[in-house]
Amino acid sequence: MTRLVPFRGVRTRLLLVVVGALTAGLLLAAVGFNLLLAQDARQDADTVLRARAASELELIRTPGNRIEIAEPRSDTSGDSRVLIFRGTKVLERPRARPETQVAAQALANGPTRFLNVPDDVDERLLAVPINDHGRRIGTLVTGISLAPYHHTQRTALTSSLIVFVLVLLFASVVAWWLLRSALRPVAEMTAQAETWSEEDLDRRFALGDPHDELTLLARTLDGLLDRIAASLRHERRFTAEVSHELRTPLAKLMAEAELALRRERSESEYRESLQAVLKNAEQLERIVDTLMTAAQHDAQLQGVSNAVAVAEAVVAAYHDDASVRGVDLQLVGTSEAVRVGVDKEIAERILHPVIENALRYGRGEVRVRVARNGSAVLFAVDDDGPGITSDEHEAIFEPAVRGSAGRSTESGAGLGLALSRRLARAVSGDVEAHPGAGGRFVVRLPSA
């Protein structure tokens, strides 16, 4: 069994694509979530600072261009983070880190703005002016610790990474299971195909009616196997037909040649031997031509010819053979031209084996008739021989099969009628045998 190269199978590649896409998607989602959370935390801190600054301004009075605090502020814990400046002089200063005081001093007399205290203090300050009747007399600076917000962001980041890993693992397992289930028919088809030999022409995947891409592929492959099997059968049949059909005339040729060489003969005897050799060679030529034409059944064999002329040509070709056998061979019926939708040469090759068969088994006469029947042209060949039985009227068209009347003779390989029917069907016609006393064969070809 063929082994796949690791990491190069379709399932592995698809799984890697899915996992890669999921990783990128989840990573983008985690980064986006944490960025949005950081922005929301900053906006929330700014909102708290604005509210605190507004409440502190409510407590400040400015009588006579002075700054007074209405309610004294207790700052035992040092968390008030409110500084009041008059110019650059500090009027109120809570207990705060030196970094915070330096940053607040930098905001004094400046515009309303936010400032993060540097040096990892985790504080954010807001400076707002203190006005008296539209004139600025001081600055209020309030601050807030960013430690809770940063803690929340770190917790969210850690949680999102954990969720990212868990979701990725779960999705990867689900994707692996789905791909394995989806591609299972392919694995089964591969295993099936590897067990088939060149003799298993009738083995198919047989997954039923297509309901998805893979079952449609199986249906298409089954159709391809049907065509390949038909082609192989055609090739084998053609080979069998060649070997069987050529055996008899070749044996006759060899027998005539051996007999002529066995002893000295007169000129007339040599002439008779050469005529026999020539006759068998002509038979060989007809057989080879018929076999080749039948093998080319996919080609465009249709043409137009005169059916009566076809029958006359074939009857004339067997005139001498009929005389030797003592059989009266005649074309009877209408002499009017009947157009047949098949090339003359092809029609003659179809008719040759049928008339030859009638001469072989006819006792005294063979009659050939041509007639039009709707969209078909019929060549009827009747003889006064023993005829065929109802249980063999189809079997005699199989290669190397002869009827009961032919089993008592040694001539023929039983392939003429098979080739005649095969060639007729290649041009949308047929050859039929009618059971009863006396042989009756009907060749049906399309009319023109």
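Laid out as a table, the results:
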quantity	calculated
Derived scalar couplings ³J(HN,Hα) [segment 426-443; Karplus, 6.51 cos²θ - 1.76 cosθ + 1.60; whole Hz; x for Gly, Pro]	5, 10, 6, x, 6, 10, 10, 10, 10, x, x, 6, x, x, 9, 10, 10, 9
Candidates per GluC sites (Glu not before Pro) in segment 125-222, loop by DSSP, up to 15 other Cβ within 10 Å	E198, E199
Per-residue HN-Hα couplings for segment 133-150 [Karplus 6.51, -1.76, 1.60; θ = phi - 60°; Hz; x = Gly/Pro]	6, x, 10, 6, 10, x, 9, 10, 10, 10, x, 9, 7, 8, 4, x, 5, 5
Solvent-accessible surface ranking, highest first, for Y270, Y361 at 1.4 angstrom	Y270, Y361
Under 5 Å, built H, 5+ apart or other chain: amide partners of I130	I137, G138, T139, L140
5 angstrom amide H check on R204, placed H, neighbours 5+ away	none
Probe 1.4 Å, accessible area per residue of segment 22-143, Å²	57
Nearest-10 value in Å² for the accessible area of K344, using the 1.4 Å probe	80
Whether segment 7-53 is rounded, prolate or oblate, judged on the alpha carbon gyration tensor where a/c under 1.5 counts as rounded	prolate
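The values are calculated or read from the model by the stated rules, or taken from the named source; none is laboratory data. A quick note: this is a predicted structure, and the numbers were derived from the prediction, not measured. Every residue, glycine among them, receives a Cβ derived from its backbone with ideal geometry; neighbour counts consider all protein chains shown. What goes into the accessible areas is simple: the full protein's heavy atoms, side chains included, and nothing from ligands, DNA or RNA. Shrake-Rupley method; radii C 1.70, N 1.55, O 1.52, S 1.80 Å.
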